[in-house]
């Protein structure tokens, strides 16, 4: 009897699913259902068994987000019960302006920000000088490089000498603005250089090509192009070298200079109002999260870090990871969507490609090329491409880009803190190897795991760096007193 | 100039996306890209702008689960740091057996479990008596009902008299086993009743039908059916009334009796081993979660509940919700997948439909009919259908099912705790109105929100009930001392 049904089973089912014997044939089924005991059982697998081939778990996504919400709300409540209500706008004004730090009527940050006009005007004057042949090309390039290096070193030097006159936020703002200025003036002078030398090069290159194609026309090529450009209303070098044009570029939400930016036809008032509301609400949200959640967590973590107890450090790290990540997400949206779009709208700047879909990035190099499009485009246009055009390999160019990026990450942290550690630099330099690992993860385990690696490095990498810096900062400033 | 480009825009774009003016036509674009300043900007929207129509946020699902993991790991670490290592198997043995509670050599739970054989044998004897016409039908039904009521009241009475001899787990197990026995014997006697009376009914019904269809054959209908059944190897009433058959049903993973259960051809050893490993691992995981996470949270919540501070109560509730929900999920898997499949495999019971995809349920009534299939099928077959067959409405039948279900939920909590509150009963009776609300949510806001409501009621409803009971229990037992 046993073997008979087993044979039947083997005949009717494929090898991998011989798990269940169906000894009840169609006829038997009919007979069974005509029985008087109202049979309801029939042979079938549980859904979690592999043989059931059931795979609909969409409800679990809702479960995940609900658990996240429950955890989030509880954390908020616990936080308020533990620390009380800590949001205090007046404190913020003090931190932002450094008002009551003993130098109440000096605003060195503001002075330094206003001073940034000087190197800007100098850059324009040098360009103008080269354009009208007052300065020769080589001297001009040398002067521009000097000017750019001056821009980037000025905040570092001033902060080193008069650091205690600055509030932390003031110092960070100064460094950030001067760094942006540095990148913009670099782009400005390099683009103008291309316009000067590209004209000659392209003309001489095209001369030969054109000659062979259609001899009678080659002479008028440049004139023809100028006519076309004029017809399209495009500005040609050196007509772009005006103060208005330069200031437009400095305010525009891009780091890459070009002579004719795409423009929008009008300023949409509703759009402007929406971005302003987002900024007003978002900035307050970030400040509140910072005061209520971040500062207590970081403060609590200092002692822990000194004890070097790995379990406690991990616990603190994960505790810090959540508010830090949320603040970072808010800041991302505020800076890259609300603020840059607002500037773009007000300046009628049409290219709003400030970020790409980095949240879907399947490896870390995709993340770095999508989350901050202005910097990415700048690095490609002004570092990567020029290096490869000089005959170096792509790998070498990538490493140079990462080195420059790492240097500026370090610059933005070390200079305001006046504490030269290399955690941020090391963090950035860890990205190329991490990128290789995430690419392997993507290939071996599928794109989902690549994406999870990207998110992990974001969620966990940042609080690690913050704790390192805060630990060192606290050791330096609080234990010596 | 402005109006001209605006006109152009209106011509080329539809009304809702006139947000961006494309004053650069194809020809202009060509001219621009031939410029020497290597232009890279083009008019486009940011991805978060509605006008970009970008909607790929799949990476955020990974983000959600990662944040959940980060939160979970941190909670674990915080828990260990706060409470130390609390998992203690010896304590479990004490709790389970009530070993050192002063009555060390009495195991009343075990005695009561062994005693369950008595009403089982009595039930069989009554059925046998009716079948051989020793007892008439009406007296038989009366005896069966008495026997069933005896099964369900016995634990309640014994626990009321000798409650302090029982461990909590022992008492719960006894109640659970007697409840299952109650449901099974109900099904057993009702099915046998159908077999006896259904034969007559169906015969008399079919007699008329068959007569009109094919007159010569009608007399042999029952014999014919019996022959068919015999050919298929099916057991007919009253041949099923054996001790072996009854014990098979009592051990089988179902609450619905029928004469010929579908069977598997063989016991898969790998399958059995897997389920045993799951049980061994899972039970320990649940116990560890309970000792390490649940008990401290519940203990801490008692004072809070007395203060009636809504913020603190909510915080405690959410804190309790997470471990409770995880334990419930583990227990669900262990009971409904591991344990019932193990029993099914060992007994070669082929119907493994112990649960359906309740995690995708879009309203609460779907959840109740999918998460516990054995009880659901029992309720439909032995309560709902018989009631509707007697001419009552479906709504009335549903309410009766919910009332019985609510009663047994209350029974499983109140009897072991020896504390007759009605929180569990109220919780169950809240399900029909909640079901209406979730159905409205499903219809108005879409199936996703229905599913979210189901999960919410699961995640938050249970800890609320647990806290109610624990609060009352603690007041009763700890404050009076």
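Here is a yes/no grid of residues against (1) more than 21 Å from residue B:149 (Cα to Cα); (2) more than 9 Å from chain A (Cβ to nearest Cβ); (3) touching a helix residue (DSSP H, G or I) at 6+ places or on another chain (Cβ under 6 Å):
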{"site": "B:354", "(1), (2), (3)": "yes, no, yes"}
{"site": "B:358", "(1), (2), (3)": "yes, no, yes"}
{"site": "B:362", "(1), (2), (3)": "yes, no, yes"}
{"site": "B:380", "(1), (2), (3)": "no, no, no"}
{"site": "B:392", "(1), (2), (3)": "yes, yes, no"}
{"site": "B:395", "(1), (2), (3)": "yes, yes, no"}
{"site": "B:406", "(1), (2), (3)": "no, yes, yes"}
Among (1) surrounded by 14 or more Cβ atoms within 10 Å (Cβ to Cβ); (2) part of a helix (DSSP H, G or I); (3) modelled with pLDDT of 85 or more; (4) over 28 Å from the mean Cα position of the chain (by Cα) - the single one residue B:163 does not satisfy
(3)
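Restricting to segment B:330-343, and then to whatever is in contact (Cβ under 8 Å) with a residue 40 or more places away in the chain and under 28 Å from residue B:434 (Cα atoms), can you tell me which residue is nearest to the other protein chains (Cβ to nearest Cβ)? Give the steps one after another, and end with the answer.
Step one: filter segment B:330-343 for residues in contact (Cβ under 8 Å) with a residue 40 or more places away in the chain, giving B:330-331, B:333-334, B:337-343.
Narrowing further to those that are under 28 Å from residue B:434 (Cα atoms): B:330-331, B:333-334, B:337.
Numbers: B:330: 13, B:331: 14, B:333: 7, B:334: 11, B:337: 5 Å.
It comes out as B:337.
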Are there any pairs, at least 6 apart or on different chains, whose C-beta atoms fall under 7 Å, with the first in segment B:27-42 and more than 7 Å from chain A (Cβ to nearest Cβ) and the second buried (at least 20 other Cβ atoms within 10 Å of the Cβ) and at pLDDT 70 or above, and if so, which?
B:33/B:39
Just checking, how many residues over segment A:424-451 are surrounded by fewer than 20 Cβ atoms within 10 Å (Cβ to Cβ) and more than 30 Å from residue B:58 (Cα to Cα)?
1
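Would you call residue A:29 closer than 24 Å to residue B:345 by Cβ, surrounded by fewer than 18 Cβ atoms within 10 Å (Cβ to Cβ), in contact with a strand residue (DSSP E or B) (Cβ under 8 Å, 6 or more places away or on another chain) and modelled with pLDDT under 85?
Here the answer is no, as residue A:29 does not meet what is asked.
Where in segment A:215-334 are there helices (runs of 4 or more DSSP H), lying fully within it, with 2 or more residues that are at pLDDT 90 or above? Give the steps one after another, and end with the answer.
Details: elements: A:221-231, A:243-251, A:269-289, A:295-307, A:310-332.
Where helices (runs of 4 or more DSSP H) fall fully within segment A:215-334 and carry at least 2 residues being at pLDDT 90 or above, they are A:243-251, A:269-289, A:310-332.
Is it the case that some residue within segment A:98-109 is part of a helix (DSSP H, G or I), touching a helix residue (DSSP H, G or I) at 6+ places or on another chain (Cβ under 9 Å) and either farther than 30 Å from residue B:236 by Cα or modelled with pLDDT of 85 or more (or both)?
In the first step, residues of segment A:98-109 are kept if they are part of a helix (DSSP H, G or I); the result is A:108-109.
Keeping just the survivors that are touching a helix residue (DSSP H, G or I) at 6+ places or on another chain (Cβ under 9 Å) gives A:108-109.
Applying the additional criterion that residues be either farther than 30 Å from residue B:236 by Cα or modelled with pLDDT of 85 or more (or both) yields A:108-109.
Yes, that holds for at least one residue.
In segment B:112-135, how many residues are part of a helix (DSSP H, G or I) and over 29 Å from the mean Cα position of the chain (by Cα)?
Filtering segment B:112-135 for residues part of a helix (DSSP H, G or I) gives B:112-115, B:117-131.
So of that shortlist, the ones also over 29 Å from the mean Cα position of the chain (by Cα) come out as B:118, B:121-122, B:124-131.
Looking only at that region, the number is 11.
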Residue A:415 passes all but one of the listed conditions (1) over 19 Å from the mean Cα position of the chain (by Cα); (2) surrounded by fewer than 18 Cβ atoms within 10 Å (Cβ to Cβ); the exception is number (2)
In segment A:49-87, what residues are in a helix (DSSP H, G or I) and more than 7 Å from every other protein chain (Cβ to nearest Cβ)?
A:50, A:51, A:52, A:69, A:72, A:75, A:76, A:79, A:80, A:82, A:83
Evaluate the following for residue B:371: is it within 20 Å of the chain's Cα centre (by Cα), more than 30 Å from residue B:245 (Cβ to Cβ) and surrounded by 18 or more Cβ atoms within 10 Å (Cβ to Cβ)?
no
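The values are calculated or read from the model by the stated rules, or taken from the named source; none is laboratory data. None of the values given here were measured: they were computed from a predicted structure. When we count neighbours, we look across all protein chains shown, and the Cβ atoms used for this are built from the backbone with ideal geometry, even at glycine.
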